[in-house]
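Working notes, beginning with the structure itself.
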Amino acid sequence: MLKNLSSDEKTYGAYSGSGDRYVTDGENIKQQLKALSEEDYRVFSSSLLPDTDNVLGVRLPMLRKIAKRLARSNWQEYLQTAGEDSFEEIMLQGMVIGYVTCPVEERLLHINEFVPKIHNWSVCDSFCAGLKFTRNHSDCVWDFLKPYFQSEQEFDVRFGVVMLIFYYIRESMVREVLGILDGVGHHGYYAKMAVAWAVSVCYVRYPESTMFYLKDNGLDDFTYNKALQKITESLKVDKETKKQIRAMKRKS
């Protein structure tokens, strides 16, 4: 009986109406997402994702609430039946993978299956941000990530690089991280932008090591100059240093 449900449960439509379980099949979730869509937000979100034309317009806090509920229910059924027709359906799958409680080996299998579904920067970066289990399983995730840096798929590469940004740029690894970034050869815009972002984070945190790298590196001109630009945009870099960084720009 729906009358006994909380207002939140009614809003998200996650109750089966028979028994005491939440509905976790992908088709039902798709209908919930459509019911939660907002046209104004769809237009706004689409403007930030120029290469994505399947946005429904569901706000991220809504998606997170649904994902957390699914992660506490039969999430395996959900992942097996989840659709891929909209930006939100794909985003939601990534969120669920980040929220569930399961052995690290099982989670890595789900990550491996999910990464090919990433087709824009927003899904990629949100997915990586949600994989906080990495902090407690740094070594095995590091080994898992290595093939992604040399992938022929643009968003495979971005996934690997953004994972470095969120979990591996630390003093003991900064030189190794910079070496990996130097070896990324994908020509896709979003892969290059991720590398530039990563180099800039390395500089902000470890300027001496990164400056040594910037003076002798194998980055293409676009990625190198974008890295310098991002460094100068950081509020943690002083004006005099920004002037020095700008002077290092390569001329096209």
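Nothing in this text is a laboratory measurement; each read-out follows from the coordinates by a stated rule. Computed from a predicted structure; not experimentally measured. Note that we place each Cβ from the backbone using ideal geometry, even for glycine, and neighbour counts take in every protein chain shown.
Brief remarks on what is shown
- Highest-first arrangement of 89-97, 111-119, where packing means the average Cβ count within 10 Å: 89-97, 111-119
- Remark: the range 184-192, residue by residue, has Karplus-estimated 3J(HN,Hα) of 6, x, 5, 8, x, 4, 6, 6, 4 Hz, where x stands for each Gly or Pro and the curve is 6.51 cos²θ - 1.76 cosθ + 1.60 at θ = phi - 60°.
- Reachable aspartates and glutamates, given that their alpha-carbon falls under 17 Å from the alpha-carbon of residue 146 and they are not under 8 places away in the same chain: 105, 113, 154, 156, 176, 182
- For the range 134-252, diffusion coefficient by Stokes-Einstein and Kirkwood Rh (Cα), 4 °C, 1.567 mPa s, µm²/s: 90 µm²/s
- Rounded to the nearest 20 debye, the dipole size of the chain about its Cα centre is 1040 debye, using +1 on the Cβ of Lys and Arg and -1 on the Cβ of Asp and Glu.
- Note, ³J(HN,Hα) from phi for the range 134-139, Karplus 6.51, -1.76, 1.60, rounded to Hz, x at Gly and Pro: 4, 4, 9, 9, 4, 5
- Euclidean distance between Cα centres, the range 162-176 to the range 49-93, Å: 29 Å
- Length gained when the stretch residue 222-residue 84 is fully extended (0.36 nm per residue, less Cα-Cα span): 46.4 nm
- Positive end of the dipole of the chain (Cβ unit charges, origin at the Cα centre): among 163, 140, 200, the Cα lying farthest that way belongs to 200.
- Over 23 Å apart at the Cα level, from the set 30/192; 34/65; 132/215; 68/117, are 30/192; 132/215.
- For residue 229, the shell of other residues with beta-carbons less than 9 Å away shows a net charge of +3, using +1 for Lys and Arg and -1 for Asp and Glu.
- Net length available on complete extension from residue 40 to residue 106 is 19.9 nm, with 0.36 nm assigned per residue and the Cα-Cα distance removed.
- Tail weight of P(r) past 31 Å, computed on alpha-carbon pairs of the chain, percent: 34 percent
- Backbone phi angles across the range 222-231, fed through the Karplus curve with coefficients 6.51, -1.76 and 1.60 (θ = phi - 60°), yield HN-Hα couplings of 4, 5, 4, 5, 5, 4, 4, 4, 5, 4 Hz in residue order; Gly and Pro are listed as x.
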